[in-house]
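What follows is a single structure, written as structure tokens, with notes after it.
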Amino acid sequence: MSKLGDLGAKLYRGEVGYDFVGKRFLWYGVSILITITAIVALAVQGLNMGIEFKGGAVFTTAKTTVSVAKATEVAEKASGHDAIVQELGTGGLRIQISGVDTDAATDVKKQLATDLKIDQASINADLVGPSWGEQIANKAWTGLGVFMVLVVIYLAIAFEWRMAVAALIALIHDLTITVGVYALVGFEVTPGTVIGLLTILGYSLYDTVVVFDGLKEGSKDITKQTRWTYSEVANRSINGTLVRSINTTVVALLPVAALLFIGGGFLGAGMLNDISLSLFVGLAAGAYSSIFIATPLVVDLKEREPAMKALKKRVLAKRAAAAAKGESPDEAYAAEDEPQVVSQGRSGRRR
């Protein structure tokens, strides 16, 4: 068995582990700090909305020897607006200019042909109205709202309402961080970004449900024993699925990282950044929230119940009694787990 597999087995059996739940206020503080940074970035810098949301024109040229830098300079001079130029696989250029209407697009096209020394007929101009992007945004908000409602209903039925609330908070946490990163780095927000944001919700929820399922099984009939508190069972559930969560997250992040850093960075394929950044940040944030946020939140909500408070008192009292007798916790619980021997009258038989 590999070292990672051996560690996973030990974590699952509870032989080793990290106190995620016990240090939950540290994780809450980290998340609050990151979330505040994201909100400030959104308020100060805002999002760099793409042409689909602001409207404008996209000019596509035939194969040319003009550099991207030169084309950007010419396009911004001709239009009076910021331009985004990308080199296409055909050798042509894609020139995107926001805030250009139909009349201005014709003049810009003529100026581009003149300054870039390209035949005007070989330049294809496409106009994009802001209403199209607005429709996409509205449908995305509708889909997000429906998704959140269905998630809460499902988790409340399959698990309990506390887990539904914790999962909802974790999803909002992941979305806020991802959108905040877009504001910080200034990446353009396009329909691809929206698709990426909606996609990460499924990944984030998957990791959270895996931990919740382990917690549900581990906490069954928990009040009938005095070995573990609810928070300790929750911590064992996190540790038991930790290696699995890490493996699935790494496997998911590797191809996304290739798109973001190799495709979008080194190869200059800027359109790949639209979806890859949202996926990369969202997947990482989702893995973090499923371990450090969602389950600890369930613990905080659950341990407010009188039954869980009473259980914690019994567990601590038994441990204190064992310590007073000089017994180790394992010895005290071993005695509890031994089967009871009951006498059956004169027959001398035992069961």
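The values are calculated or read from the model by the stated rules, or taken from the named source; none is laboratory data. Source: prediction; values computed, not measured. Cβ sites come from the backbone with ideal geometry, for glycine too, and all protein chains shown count toward neighbours. These area figures cover heavy atoms from the full protein model, side chains too; ligands, DNA and RNA do not enter into them. Shrake-Rupley method; radii C 1.70, N 1.55, O 1.52, S 1.80 Å.
Residue count for region 210-221 satisfying the condition of being within 15 Å of MET308 (Cβ to Cβ) and open to solvent by less than 10 Å² (accessible area, probe 1.4 Å): 1. If the condition is being surrounded by 15 or more Cβ atoms within 10 Å (Cβ to Cβ) and within 36 Å of the chain's Cα centre (by Cα), then region 72-87 contributes THR72, HIS81, ALA83, ILE84, VAL85, GLN86, GLU87. Looking only at residues in region 222-238 that are open to solvent by 50 Å² or more (accessible area, probe 1.4 Å) and part of a helix (DSSP H, G or I), the one that is nearest to ARG319 (Cα to Cα) is GLU232. When only residues in region 279-322 that are without any contact (Cβ under 8 Å) to a residue 12 or more places away in the chain and not in a helix (DSSP H, G or I) count, which is most open to solvent (accessible area, probe 1.4 Å)? If we take residues in region 279-322 being without any contact (Cβ under 8 Å) to a residue 12 or more places away in the chain and not in a helix (DSSP H, G or I), then ARG304 is most open to solvent (accessible area, probe 1.4 Å).
You will find that of GLU52, GLU73, GLU87, the residue that is charged (D, E, K, R) and without any contact (Cβ under 8 Å) to a residue 12 or more places away in the chain is GLU73 and no other. Taking the numbered list (1) open to solvent by less than 60 Å² (accessible area, probe 1.4 Å); (2) more than 28 Å from GLY99 (Cβ to Cβ); (3) in a helix (DSSP H, G or I) in turn, TYR206 passes all entries but (1).
Do we have VAL194 as touching a residue at least 24 places away in the same chain (Cβ under 8 Å), among the aliphatic types (A, V, I, L, M), crowded, with 17+ Cβ neighbours inside 10 Å and over 30 Å from SER237 (Cα atoms) here? Answer is yes for this residue. Do we have SER98 as under 30 Å from LEU175 (Cα atoms), open to solvent by 40 Å² or more (accessible area, probe 1.4 Å) and either within 41 Å of the chain's Cα centre (by Cα) or of a type outside the set (Asp, Glu) (or both) here? It is false that SER98 is under 30 Å from LEU175 (Cα atoms), open to solvent by 40 Å² or more (accessible area, probe 1.4 Å) and either within 41 Å of the chain's Cα centre (by Cα) or of a type outside the set (Asp, Glu) (or both). If you go through region 4-16 one residue at a time, do you hit one that is at pLDDT 85 or above, part of a helix (DSSP H, G or I) and not β-branched (Val, Ile, Thr)? Within region 4-16 (the criterion being at pLDDT 85 or above, part of a helix (DSSP H, G or I) and not β-branched (Val, Ile, Thr)), the answer is no, since none of the residues qualifies.
Where residues in region 55-65 are touching a residue at least 40 places away in the same chain (Cβ under 8 Å), open to solvent by 30 Å² or more (accessible area, probe 1.4 Å) and not small (Gly, Ala, Ser), which of them is nearest to THR193 (Cα to Cα)? So, considering only residues that are touching a residue at least 40 places away in the same chain (Cβ under 8 Å), open to solvent by 30 Å² or more (accessible area, probe 1.4 Å) and not small (Gly, Ala, Ser), the one nearest to THR193 (Cα to Cα) is THR60. Considering ALA269, ALA252, the condition of being open to solvent by less than 60 Å² (accessible area, probe 1.4 Å) and modelled with pLDDT under 80 is satisfied by ALA269 alone. Once region 112-140 is narrowed to residues that are among the charged types (D, E, K, R) and not in a loop (DSSP other than H, G, I, E, B), the residue that is farthest from VAL74 (Cα to Cα) is LYS139. Evaluated against (1) within 19 Å of ALA43 (Cα to Cα); (2) modelled with pLDDT under 90, GLY196 falls short on exactly one condition, (1). Residues in region 115-156 that are within 29 Å of the chain's Cα centre (by Cα), within 20 Å of VAL58 (Cα to Cα) and surrounded by 15 or more Cβ atoms within 10 Å (Cβ to Cβ): PRO130, GLY133, ILE136.
Screening LEU201 with (1) buried (at least 20 other Cβ atoms within 10 Å of the Cβ); (2) within 10 Å of the chain's Cα centre (by Cα); (3) aliphatic (A, V, I, L, M) gives one miss only, at (1). Residues in region 85-111 that are among the aliphatic types (A, V, I, L, M), out of contact with any Phe, Trp or Tyr (no Cβ under 6 Å at 6 or more places or on another chain) and either in a helix (DSSP H, G or I) or under 22 Å from LYS63 (Cβ atoms) (or both): VAL85, LEU88, LEU93, ILE97, ALA104, ALA105, VAL108.
ASP19 meets all of the listed conditions (1) modelled with pLDDT under 85; (2) under 19 Å from ARG227 (Cβ atoms) but one, namely (1).
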